[in-house]
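Here the structure is laid out as structure tokens; the discussion comes afterwards.
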Amino acid sequence: MNRYRKKSAKTTTATSHQNNGGKGNNHNNGDNNVSKNNNGTHNKQNNDTARAAPFLYFPPERVGLWPTQFVDAAVKPYRLVPRNWRQELPHALLVFLAVAFLYGYTTPRLVALEDDGLFIANMHYFGVAHPPGYPIHTFLGGIFYHLLPFGTPAFKGHFFSGFTGAIACSAIYATIAMLVRGRIFAYLGGLAYGASDTFWSQAIIAEVYTLNSMFFFIVLALCVRYAGHIGRAGRNHNRLFMAITFIYGLGLANHYPILGLGSIGLGMIVLSQLRNILPRAVKGLCFLMLGAFPPYLWMVWRSLDPSPANFYGPIDFLGLVKEKYPDAVDFGFYALRKGYSGVDKQAGVGLEDKLIFGEALGNDMLWQFTPVGFIFVVLGFYAMARSRYNWLWLSLLTSWFMSSVLLVFLLDFKAGYIWLAAFRVYHLLAFGIMAIWLALGAAWLVDKLRFLPEIMRRQMGFLIILAVVGSSLVAHWDLNNRHDYRWAHDLAMAKISSVEPNAALFLFDDLDLPVGYIHYVEGVRSDLEVYNDQGLVYGKRLYSPLIPNTTPKNRPDVRSKATIVQEFARKTDRPIYYHTARTNLHKNAQVGSDMTGFFRRVNRTGPADRIILSDSLLKWLNSNADLHGKITDRWTRQQHYSTVAQLVNAVQVAAYSGFKINDIWQEVIDRSLDKNALARLNSNQQRLNFGRMDKEGMARELVWLERFDPTREDLLEPRMRGLFYTQKALISRNLETVDDEEYEAILQQGIAQHDAADNPAVQYLLSHYHKKEQHCDFIHLIERLYPNAENIPKNMLRPLRKARKEEVCV
């Protein structure tokens, strides 16, 4: 094996480079054994000294980080480590098998949350996913799903993510193998990425992010190899360029927004090959289009089929299907995610939200490979910047920055628990780049430990793998080992079992996706007609998803979703069930609703609302009341938390309306309230609103309010933290345990948790200021929280006019 040799003060570097296919390399990969003396003559170094030079895994350092060095590195091909790729293939395959086995074991066998049920259904039916459609994921995933000869439908959909994730780890192995001599460090990078927190979590459910990482890191590895070529392009070099553009095009047919953010860094890597790229740019663009466009055209064709998995229905391309499908969604509207503009750019997002997301990103970076691995990431970042790969370092840094830090500023998400959980998966490309730095940092550190015997340094890589990958597996095992996960499936079964035979069931939110999955994919309750009441997701729809929910007042001729649903209800004899929050769509003057717990049912006997809670609801609550502290999966924690709170609240409202709560119901409710702060706050509010909380009850709840710290409960949204302080202030004042100043201070604490007009503490503090004639405080609070005067509540307009009349506030 060739050796790197220790760099002397004025050592010149070798100029030999890798050939096209990686065969017959004449890389020196070290410095020439030539040095200059003071008179400018060249003397060969002593052969014994050369033989005694230490073995180096990582290229020697440069003197500094000057712009001229970056320019020099940018326009010259990389001197890569020579590899025989036929010999490397078994090692890359071993990385793939190890990671795939990890994912295959820990993946759920039943449906999960997020968009899991939707993506599995898309694979099952070769359907159309939500914008921008991810057609290559559906196409490749569908083939994999139908060819895999074992496993449940959910496992097949999940393992496609694991399969593509394992390929991404192998691509990282190949990239690192070209940059350092020891294969052990390439193993380290690939395995560390596979065992990292977020990547692992996405590789065990049906999602698009591991496929996106696969395309990116395959292209990255090919770009690094392409950039190492010297001289004019040969046939193999041209084929490599076409492969890069074609695979990149396939990636654009998956998740083009995130892949696109990493593209500038990929382009920087191959800058040294610009003279070979320019003559072939048109051909390369054609190969890119060949990878990107056919999957989208296939998606348009599939959208014309009313399969059970068809998110928006027919998609129109260049006006070709508008005549036959007048409600078809425009392709540009679909592919550019215009229907998700309110999700990507949420209202009221400020600097504080950005800072919270930035803090979460920093915490995620620290824990992806645990602090043990993060130390090597920092070392690799430093060492690569000072090495002959400093232009590659700058290229990777660009891709890392754009797919992590820049994303924090591009997307306007409110900093709530669920959005923090959703946002972290967008950084997977950045975490993969960190895995490369991690491996290079380990190689650099081993090179620095020259005081150790060489045989010991050669074994250090195994110890580092045990430390980094082992610590990641231990730290993330409880979170990502979902082998026995069944919460989403059990909730879906409880929901669908509560519906009477031959009913029409209208689903609504993300928590209903598992219900649609078990009906359409697993064939549960084939007697039902299942719709999405927004007109989305399923091919069975009554109307276009783009029509309004209700008829506009100035356009009485417009047919709305509510109008069509009511016509449907009149024409069918089927029982109709719908989401408890969608009364505006299903209720009219002629019919009422029956609250059944999981759903509402249309009451055709009259306009009355009735309470008919089922034993299935009691059974589900009983089995879930004590689960809160045992759930590790982030999405399940949040959905379990909110679902229990919603159902307990429904039961208590039913009790106030005459539903008889026996001892069994009461015991289940008490256990739920004890474990779920959201349920307890909602319960307290209901009791206060209905006048059901006596002095003894207030005293008991005040003890809980004094002991509970809402800032330590990450599942509580900021608005609910405001409600916590509002209840604490109201109950304390009713019990006369605080004076006016303390009452005001508690409400201000609540507003500090959520400085927005929808905070319950705002109205009480405004009323307090008005009562105490603190006019300037009243005016300042109004002006800060209601910058648009039209949004000021009507009940506050007269007090505001009076305050401005009484005081002139600066």
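Worth pointing out:
Per-residue answers, yes or no, for (1) at pLDDT 85 or above; (2) more than 30 Å from A756 (Cβ to Cβ); (3) in contact with a helix residue (DSSP H, G or I) (Cβ under 6 Å, 6 or more places away or on another chain); (4) not hydroxyl-bearing (S, T, Y):
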{"residue": "G313", "(1), (2), (3), (4)": "yes, yes, no, yes"}
{"residue": "D344", "(1), (2), (3), (4)": "no, no, no, yes"}
{"residue": "L366", "(1), (2), (3), (4)": "yes, yes, yes, yes"}
{"residue": "V372", "(1), (2), (3), (4)": "yes, yes, yes, yes"}
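- For segment 313-352, residues that are of a type outside the set (A, V, I, L, M, F, W, C), under 23 Å from the mean Cα position of the chain (by Cα) and surrounded by 12 or more Cβ atoms within 10 Å (Cβ to Cβ) total 9.
- Scanning segment 774-806 for residues that are surrounded by 15 or more Cβ atoms within 10 Å (Cβ to Cβ) and part of a loop (DSSP other than H, G, I, E, B) turns up Q774, Y786, I792.
- Those residues of segment 294-309 which are within 26 Å of the chain's Cα centre (by Cα) and among the aromatic types (F, W, Y), in sequence order: Y296
- Condition check for V95: modelled with pLDDT of 90 or more, surrounded by 18 or more Cβ atoms within 10 Å (Cβ to Cβ), β-branched (V, I, T) and touching a Cys at 6+ places or on another chain (Cβ under 8 Å): yes
- Qualifying residue in segment 504-518 (condition: surrounded by fewer than 22 Cβ atoms within 10 Å (Cβ to Cβ), part of a loop (DSSP other than H, G, I, E, B) and either without any contact (Cβ under 8 Å) to a residue 24 or more places away in the chain or assigned by TED's automatic domain parsing to the domain that holds F155 (or both)): no
- Condition check for K553: charged (D, E, K, R) and either closer than 30 Å to P326 by Cα or crowded, with 17+ Cβ neighbours inside 10 Å (or both): yes
- Flag for L542 being touching a residue at least 12 places away in the same chain (Cβ under 8 Å), within 17 Å of A492 (Cα to Cα), of a type in the set (A, V, I, L, M, F, W, C) and outside the structural domain of Y334 (by TED's automatic domain parsing): no
- Answer residue from segment 739-761, given it is assigned to a helix (DSSP H, G or I) and free of Cβ contacts under 8 Å to residues at least 24 places away in the same chain and is surrounded by the fewest Cβ atoms within 10 Å (Cβ to Cβ) among those: E741
- Candidate set from segment 764-773 (those that are under 27 Å from Q685 (Cα atoms) and surrounded by fewer than 16 Cβ atoms within 10 Å (Cβ to Cβ)); member that is nearest to the chain's Cα centre (by Cα): S767
- Cβ separations smaller than 6 Å between residues 6+ apart or across chains give the following pairs from segment 145-160 residues that are farther than 16 Å from H483 by Cα to residues that are part of a helix (DSSP H, G or I) and of a type in the set (A, V, I, L, M): Y145/M123.
- Qualifying residue in segment 100-111 (condition: buried (at least 22 other Cβ atoms within 10 Å of the Cβ), in contact with a Pro (Cβ under 8 Å, 6 or more places away or on another chain), assigned by TED's automatic domain parsing to the domain that holds L394 and touching a residue at least 24 places away in the same chain (Cβ under 8 Å)): yes
- Failed condition for A608, given (1) within 24 Å of D594 (Cβ to Cβ); (2) under 35 Å from the mean Cα position of the chain (by Cα); (3) surrounded by fewer than 17 Cβ atoms within 10 Å (Cβ to Cβ): (2)
- Taking the conditions (1) out of contact with any Leu (no Cβ under 6 Å at 6 or more places or on another chain); (2) more than 23 Å from L56 (Cβ to Cβ) in turn, R225 satisfies each one other than (2).
- Residue list for segment 698-717, filter: among the charged types (D, E, K, R), modelled with pLDDT of 90 or more and over 17 Å from A645 (Cβ atoms): R700, E706, R707, D709
- With respect to the stated conditions, R600 fails to be touching a strand residue (DSSP E or B) at 6+ places or on another chain (Cβ under 8 Å) and surrounded by fewer than 21 Cβ atoms within 10 Å (Cβ to Cβ).
- For I244: the one exception among (1) among the β-branched types (V, I, T); (2) buried (at least 23 other Cβ atoms within 10 Å of the Cβ); (3) within 30 Å of G470 (Cα to Cα): (3)
- Screening R582 against (1) free of Cβ contacts under 8 Å to residues at least 40 places away in the same chain; (2) over 15 Å from A503 (Cα atoms) leaves a single unmet condition, (1).
- Among all residues of segment 685-704, there is none that is surrounded by 19 or more Cβ atoms within 10 Å (Cβ to Cβ), outside the structural domain of A421 (by TED's automatic domain parsing) and within 35 Å of the chain's Cα centre (by Cα).
- Residues of segment 424-471 that turn out to be exposed (fewer than 15 other Cβ atoms within 10 Å of the Cβ) and in contact (Cβ under 8 Å) with a residue 12 or more places away in the chain, as a count: 3
- Pair list, Cβ under 9 Å, 6 or more apart: segment 234-262 residue touching a residue at least 12 places away in the same chain (Cβ under 8 Å) and in a loop (DSSP other than H, G, I, E, B), other residue crowded, with 22+ Cβ neighbours inside 10 Å and not hydrophobic (A, V, I, L, M, F, W, C): G262/S399; G262/S403
- Segment 116-139: number of residues that are touching a Ser or Thr at 6+ places or on another chain (Cβ under 8 Å), assigned to a helix (DSSP H, G or I) and either surrounded by fewer than 24 Cβ atoms within 10 Å (Cβ to Cβ) or small (G, A, S) (or both): 1
- Helices (runs of 4 or more DSSP H) wholly inside segment 531-636 that include at least 2 residues being in contact with a Phe, Trp or Tyr (Cβ under 9 Å, 6 or more places away or on another chain) and of a type in the set (K, R): none
- Flag: E806 matches the condition of being over 30 Å from K414 (Cα atoms), of a type outside the set (G, A, S) and touching a residue at least 12 places away in the same chain (Cβ under 8 Å).
- One residue from Y389, Y382 being crowded, with 21+ Cβ neighbours inside 10 Å, of a type outside the set (V, I, T), more than 19 Å from F216 (Cα to Cα) and over 17 Å from the mean Cα position of the chain (by Cα): Y389
- Scanning segment 341-365 for residues that are more than 12 Å from F413 (Cα to Cα) and touching a residue at least 60 places away in the same chain (Cβ under 8 Å) yields a count of 4.
The values are calculated or read from the model by the stated rules, or taken from the named source; none is laboratory data. Predicted, not measured: the structure shown is a model, and the values here were computed from it. Every residue, glycine as well, gets a Cβ built from its backbone with ideal geometry; the counts of neighbours run over all protein chains shown.
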